[in-house]
Amino acid sequence: MENIVINTVEMHTGGEPLRIIKSGYPEIVGKTILDKRKFVKDNLDALRKFLIYEPRGHYDMYGAVQVVPDIANADVAFLFMHNEGYSTMCGHAIVALGRYCVDNKLVPYKEPETEINIQCPCGLVKAFVNCANGLTSSVRFRSVPSFTVKSDIEVSVPAYGTLKVDLAYGGAFYAFLPLNDVGLNENSPIEQIKSAASAIASVVKGQEAIVHPESADLSYLYGVIFTDDMTGPYFNLTVFADAQVDRSPCGSGSTARVALLYHKKLIGLGESVEIKNPLTNSSFKATAVEETHCGEYRAVRVEICGNANYTGTATFTAEAQDGLKEGFLIA
């Protein structure tokens, strides 16, 4: 790893970081984006750890790397990475990447809004970047078909008893339940929240078959989202991957949340809700915009609107004598 030099652009969406790899990554090969995702898992995972792990990153760092799209109408394509591996969708990243793509002239600038078709491992996501006076600002995106798998699933979780969870998909699968069902609130120590989420995720993974109707590569539980009591004001507190805590309201999680609210007839088409993260008070505007289908599921397309900001640029290197150059994690 001595000859590595990787340049990045650093951003955050609602407090959730995004490390965008701009140059220095080896060629990523594969016929489809899911093939490319498998290629980086099998061949380049040391670079994920190099960038995401300490001392260059931290336990809750998040990253994106550009790849060549394989869908004809995609403008760009990206893979996403975190402390455990590679996710299938990332809404907070889409919000940041919308600005990044326009600002870096990956698509032509157009006022009052620039459209970008971004291919993700879960499918094509259309983003709309607000543009005025040569500058970019807020970004909204329209999700892949999102749906509720099951409602009120009973799970018996050691130390927490019998709980009811909802299972929904918004580019990734999440289990949802009110935070107070596990005896916690927004001010509880984060380690207690992470512990509860990990325990719930373990039981749900063992009990429920997580199956996407169109792709086995999408068929896994990505995280647990603790919520309000489902009647608003709405919040998402998301624990995903290897007990990684989202600082934003979670883009794909908010998408799945709206699909769940729509399924429960708590909101209708065209109705917008504000979803906050109680840790940072950042928020997304989320709207169910269109009914559709995904396999046997009645689904909905959801529009998420948020803001991302630049935090800097970086050049990361590895010195031969550095015994920790490959990275490490302390949870």
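Quick check: net charge around Val139, other residues with Cβ under 13 Å of its Cβ, Lys/Arg +1 and Asp/Glu -1?
Overall, the nearby charge balance is +1.
Counting heavy atoms of the protein chains only and a 1.4 Å probe, report the per residue accessible area for segment 1-154 as a whole number of Å².
That works out to 38 Å² for each residue.
To the nearest 20 debye, what is the magnitude of the charge dipole of segment 1-154 about its Cα centre, counting +1 on the Cβ of each Lys and Arg and -1 on the Cβ of each Asp and Glu?
260
How many percent of DSSP beta bridges within the chain run antiparallel, rounded to 5?
Within the chain, antiparallel bridges account for around 85 percent of the total.
Rounded to the nearest 500 deg cm²/dmol, what is the calculated helix-only ellipticity per residue at 222 nm for the chain, with -39500 (n - 2.57) per DSSP H run of length n ≥ 4?
-6000 deg cm²/dmol
Over segment 211-331, average the accessible area per residue using a 1.4 Å probe and give it in Å², no decimals.
Accessible area per residue, segment 211-331: 45 Å².
Could you work out what % of the accessible surface of segment 209-331 is carbon and sulfur, using a 1.4 angstrom probe and leaving DNA, RNA and ligands out of the count?
47
In Å, what Rg and Dmax follow from the Cα atoms of the chain?
Answer for the chain, Rg first and Dmax second: 19.1, 60 Å.
Per residue, what volume in Å³ does the Cα convex hull of segment 236-322 take up?
173
Sorted by packing (mean other beta-carbon atoms within 10 Å per residue), highest first, where do 295-302, 170-177 land?
Packing order, densest peptide first, comes out as 170-177, 295-302.
Among the listed pairs Lys41/Lys126; Lys105/Lys264; Lys31/Lys264; Lys38/Lys265; Lys36/Lys205; Lys22/Lys264, give every one whose C-alpha distance is greater than 32 Å.
Violating the 32 Å limit, Cα to Cα: Lys105/Lys264; Lys31/Lys264; Lys38/Lys265; Lys22/Lys264.
Using the crude model of +1 on Lys and Arg Cβ and -1 on Asp and Glu Cβ, and no other charge, please compute the dipole size for segment 59-143 relative to its Cα centre, in debye to 20.
Here segment 59-143 has a charge dipole of around 160 debye.
The values are calculated or read from the model by the stated rules, or taken from the named source; none is laboratory data. Note that the structure is a prediction, hence the values are computed from the model and not measured. Note that each Cβ is placed from the backbone with ideal geometry, even for glycine, and that neighbours are counted across all protein chains shown. Accessible surface areas use protein heavy atoms only, side chains included; no ligands, DNA or RNA. Shrake-Rupley method; radii C 1.70, N 1.55, O 1.52, S 1.80 Å.
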